[in-house]
Amino acid sequence: MREISESLSSSFFAGNRARLRQLFTGTAPIAITANGRLQQTSDEAYAFTQDSNFWYLTGIDDPDVILVMEQNKEYLILPERTAVSEIFDGAINTDRICSISGITDVYSEKEGWKYLGSRLKRLRHVATLGANPPYMETFGMYANPARAAFIQRLKEYNANIELLDVRSHLARLRMIKQKPELDAIQEAIDITIDTLKSVSRPSMLKKYAYEYEIEADITRGFRRRGSMGHAFTPIVAAGANAVTLHNIANNGTLASDELLVADVGAQYNHYTSDITRTFDLGSASRRARSIHAAVLEVYEYACSLLRPGVRIHDYEKDVEAFMGEKLRELGLIKIIDKEEVRKYFPHATSHYLGLDAHDVGDYDRPLEPGIVMTVEPGIYIPEEGIGVRVEDDVLVTSTGIEVLSARLPLVLS
C-alpha cells in the first residue's frame with residue numbers, strides 16, 4: 001500500500017509564490033482567500049475542497065484563510081473560530097500551516113484585518129483572484145462565494161481601490177508542471193490504472209450486476225492504494241447510459257451484451273488523473289466493436305498531432321475532421337461538417353490536467369514541454385444506445401508526448 005503524502009515541501013509553495021510575484025510585475029500587494037465551507041443540510045457542510053490556486057501558493061487545506069503577499073512581506077490571516085466549531089471541526093494548527101506553507105507571519109482575524117485594512121486605505125491597487133458570477137449558467141451550478149465576499153470586504157476599506165485579477169497569471173504558472181507535480185500526477189495515474197485493472201478482469205466483470213458495484217470497488221481500490229479519493233465524481237455507465245457523457249448516477253443494471261464506460265480518476269496529494277476505458281461486459285455486438293475501433297483510430301491520430309508549438313484550437317479542428325471521416329465510414333453521417341460531427345462527438349478531445357481534472361490553462365498559447373493534458377475522443381449514438389470513450393493522460397515533451405497512462409491497455413477486454 002502506498003503512503004498518503006500530506007504535503008509537498010514548503011519550498012515548492014514558496015517557489016510558486018515567488019514565481020507569481022515575478023510574473024506579476026506590479027508593486028501592488030497580492031491578497032488571495034481560501035474557499036469557504038458550503039452548507040449541505042441544516043447544520044452540516046459539504047466535504048471541504050480548497051481553492052486550487054490558494055493551495056498551489058500555500059499548501060493549506062483549511063477554509064477561510066487569507067494569504068497576503070507584499071513586496072517584502074508575506075503573511076496569513078486566520079479566520080475566527082467559535083468554541084463550538086473547534087470542538088466539532090478542530091482548531092487550525094498554526095505550527096502545521098507555517099511548516100507546510102513556509103510562511104512564518106500569522107495573524108488572527110482581528111489583528112490581520114487591522115493591518116491589511118490600514119494598508120488598503122492608502123493603496124490604489126490590490127491584486128486578487130476575480131470572482132466567478134454567483135450562478136454559472138454554462139455549468140448549471142453556483143460559485144463558492146468566498147472570493148466575492150473577500151472582494152466586498154476589500155472594498156469596504158477603500159471603495160475606490162482598483163482590483164487587478166491574477167487568474168491569468170496563475171493559469172500560466174500552473175500550465176507547466178514541475179517535477180513534484182509530475183510525480184504526484186503519475187502516482188494518481190498509477191493508482192487509477194491498478195484499480196481499473198483489478199475491477200475490469202473478465203472474472204470480476206461477470207460478478208457485477210449494477211454500475212454502483214463497480215463504482216464501490218473503484219472507490220475502495222483508490223483508497224486502499226493510498227489515494228485521497230476520487231478526483232471527480234466517477235462515471236460508470238453501461239449500455240445506453242454511456243450516451244450521457246456525465247452519467248454519475250451509476251445505478252443502472254449490467255448486461256453481458258453491453259459495453260461499459262468507466263471514466264474515473266484518483267487524486268493523490270491534490271493532483272489528479274483522468275482515465276477512461278470502455279470494456280466489453282461479455283458479448284458486445286460487432287457494431288459496438290466497430291465503434292470502439294473507430295474511437296481508437298481517432299485517439300491514435302490525436303496523439304500523433306501533439307507536440308510543442310501546436311495550438312489547441314487547430315488541433316481540435318484536425319481531430320474533428322478525422323472523426324468526421326470515421327463517422328461517415330460508420331454510416332452515421334453523410335457530410336463532414338461541424339454540426340453533423342458534433343451530433344456524435346459533442347465534446348473537446350483534450351483538456352489540461354493537474355490540480356483539477358479540467359485544469360486551468362491558456363488555450364490560446366501553443367503547447368509547451370511540461371504541459372499535462374488528456375486525449376479523449378468518443379462516439380455517442382443515442383438511437384443505437386451505444387457510447388464509447390477512450391481517454392489517456394499525456395505529458396508534452398520536447399519532441400512530442402509521453403503517454404503517462406500507457407500501462408493500461410486500450411483494447412476491449
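Could you tell me which of A240, G252, Q152 has its Cα farthest along the dipole of the stretch 104-255 towards the positive end, charges placed at Cβ (Lys, Arg +1; Asp, Glu -1), taken about the Cα centre?
Q152
Please give the helix 312-329 orientation as an angle from the longest Cα principal axis of the chain, in degrees from 0 to 90, rounded to the nearest 10.
20 degrees
Quick one, can you get me the convex hull of the C-alpha atoms of the stretch 9-112 expressed as volume per residue in Å³?
Convex hull of Cα atoms, per residue: 109 Å³.
Find, among the GluC sites (Glu not before Pro) in the stretch 137-190, those assigned to loop by DSSP (not H, G, I, E, B) with at most 11 other beta-carbon atoms within 10 angstrom.
Qualifying residues, ordered by number: E137.
For the residues E215, E109, what sequence is obtained by ranking on other C-beta atoms within 10 Å, fewest first?
Fewest to most other Cβ atoms nearby, the residues stand as E109, E215.
Between V375, V199, V394, where does the largest GNM mean-square fluctuation fall for the chain, given springs only between Cα atoms within less than 10 Å?
Largest GNM mean-square fluctuation: V199.
Using only Cα atoms, tell me the angle between helix 10-23 and the longest principal axis of the chain; keep it within 0 to 90° and round to the nearest 10.
Once rounded, one gets 80 degrees.
Toward the positive end of the charge dipole of the stretch 10-173, about the Cα centre and with charges on Cβ (Lys, Arg +1; Asp, Glu -1), which of L163, P134, G26 goes farthest?
Of the candidates, G26 comes out farthest on the positive side.
Can you give the % of DSSP beta bridges in the chain that are antiparallel, to the nearest 5?
Bridges in the chain that DSSP calls antiparallel: roughly 85 percent.
To the nearest 20 debye, what charge dipole does the chain have about its Cα centre, counting +1 at the Cβ of each Lys and Arg and -1 at the Cβ of each Asp and Glu?
With Lys and Arg at +1 and Asp and Glu at -1, about 700 debye.
Determine which residues of the stretch 5-36 fall in the zone a paramagnetic label at F139 would reach in this model, i.e. backbone nitrogen under 14 Å from the point 7 Å along Cα→Cβ.
35-36
List, largest first, the extents of the alpha carbons of the chain along their principal axes, each in whole Å.
Largest first, the chain extends 71, 46, 36 Å along its Cα principal axes.
Calculate, in nm to one decimal, what E109 and V403 gain on full extension: separation in residues at 0.36 nm each, minus their alpha carbon distance.
Residue separation times 0.36 nm, minus the Cα-Cα distance, leaves 101.2 nm.
Of all chymotrypsin sites (Phe, Trp or Tyr not before Pro) in the stretch 1-93, which ones are in loop regions per DSSP and have a Cβ with at most 11 other Cβ atoms within 10 Å?
Y46
Can you give me the angle between helix 286-305 and the longest principal axis of the chain, using Cα atoms only, in degrees from 0 to 90, rounded to the nearest 10?
It works out to around 50 degrees.
For N158 and D364, calculate 0.36 nm times their separation in residues minus their Cα-Cα distance, and state this gained length in nm to one decimal.
Full extension from N158 to D364 adds 70.6 nm.
Read-outs: derived from the displayed coordinates by stated rules, not from any lab. Here the structure is a predicted model, which means the values were calculated and not measured. Because the Cβ atoms are built from the backbone with ideal geometry, glycine has one as well, and the counts that use them run over all protein chains shown.
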